[in-house]
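Presented below is the structure to which this report refers.
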Amino acid sequence: MADLSNKKVLVLASNRGVEQDELVSPVESLRSAGAKVEIAAPQQDKIQTLVGDWDSGKILEADLAFETVDDEKFDLLLVPGGTLNADNLRVDDEAQRIIKSFAATGRPVASICHGPWLLVETGLVRGKTLTSYQSIKTDVVNAGGQWVDEEVFRCPAGKFVLITSRNPGDLDAFNAAIIEELGA
């Protein structure tokens, strides 16, 4: 496994509604590889994860509030899914600011399941090929992206690399692709 001890990853999550495994699994994988991972939320407070968009999952703590994030300190942005999470992030001005900054400066973004809704909202899927949860395929296509049904997809088109996966069943491939990107 790559040594990511010199890498920093920022994760965006809402304070309620992020899919538990899509947050916990990548964070644990990245930390196991040595990366420093910080989780940001609208409020620096508890994050109530959900399992299957319904059942309460683990409660985590946000390290940062969105408005205090200095995104330039980070090497990669991770946007997990969860329908409520993604729907909240896509209308959050600070979440939009952060993801646009990563894209504009050429730093990679990784997103899974419903997470790409934030990219749709900010216009960042235009010209990109990506995957996501099936139900947002039309949104991706209508926003100018090309949708593919693959376990994980890495798109280098445009100014930034975008790594996407469809759902929690793809987490092993998703995590491996993020670690490979950071280790390159």
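Derivation of every value follows stated rules applied to the coordinates shown; laboratory data play no part. Only a predicted model underlies this, so the values are computations on that prediction, with no experimental measurement involved. Note: ideal-geometry Cβ built from the backbone for every residue, glycine included; neighbour counts use all protein chains shown.
Numbers at a glance
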{"item": "Set G123, G127: member being without any contact (Cβ under 8 Å) to a residue 24 or more places away in the chain, surrounded by fewer than 18 Cβ atoms within 10 Å (Cβ to Cβ) and assigned to a loop (DSSP other than H, G, I, E, B)", "result": "G123"}
{"item": "Test for V9: is it of a type in the set (A, V, I, L, M), touching a Phe, Trp or Tyr at 6+ places or on another chain (Cβ under 8 Å), touching a residue at least 12 places away in the same chain (Cβ under 8 Å) and within 23 Å of E180 (Cβ to Cβ)", "result": "yes"}
{"item": "Test: residue in segment 42-55 that is without any contact (Cβ under 8 Å) to a residue 12 or more places away in the chain and within 24 Å of F102 (Cα to Cα)", "result": "no"}
{"item": "Which listed residue is farther than 22 Å from D21 by Cα and of a type in the set (S, T, N, Q), from T83, T68", "result": "T68"}
{"item": "Residue that is surrounded by the most Cβ atoms within 10 Å (Cβ to Cβ) [pool: residues in segment 88-112 that are without any contact (Cβ under 8 Å) to a residue 40 or more places away in the chain and not hydroxyl-bearing (S, T, Y)]", "result": "R90"}
{"item": "Selection status of T68, buried (at least 19 other Cβ atoms within 10 Å of the Cβ) and hydroxyl-bearing (S, T, Y)", "result": "no"}
{"item": "Matching residues, segment 143-159, being surrounded by fewer than 21 Cβ atoms within 10 Å (Cβ to Cβ), of a type outside the set (V, I, T) and over 14 Å from the mean Cα position of the chain (by Cα)", "result": "A143, G144, Q146, D149, E150, E151, C155, P156, A157, G158, K159"}
{"item": "Leading residue by the ranking (nearest to S165 (Cα to Cα)) among those in segment 22-31 that are in contact with a Gly (Cβ under 9 Å, 6 or more places away or on another chain) and crowded, with 22+ Cβ neighbours inside 10 Å", "result": "E22"}
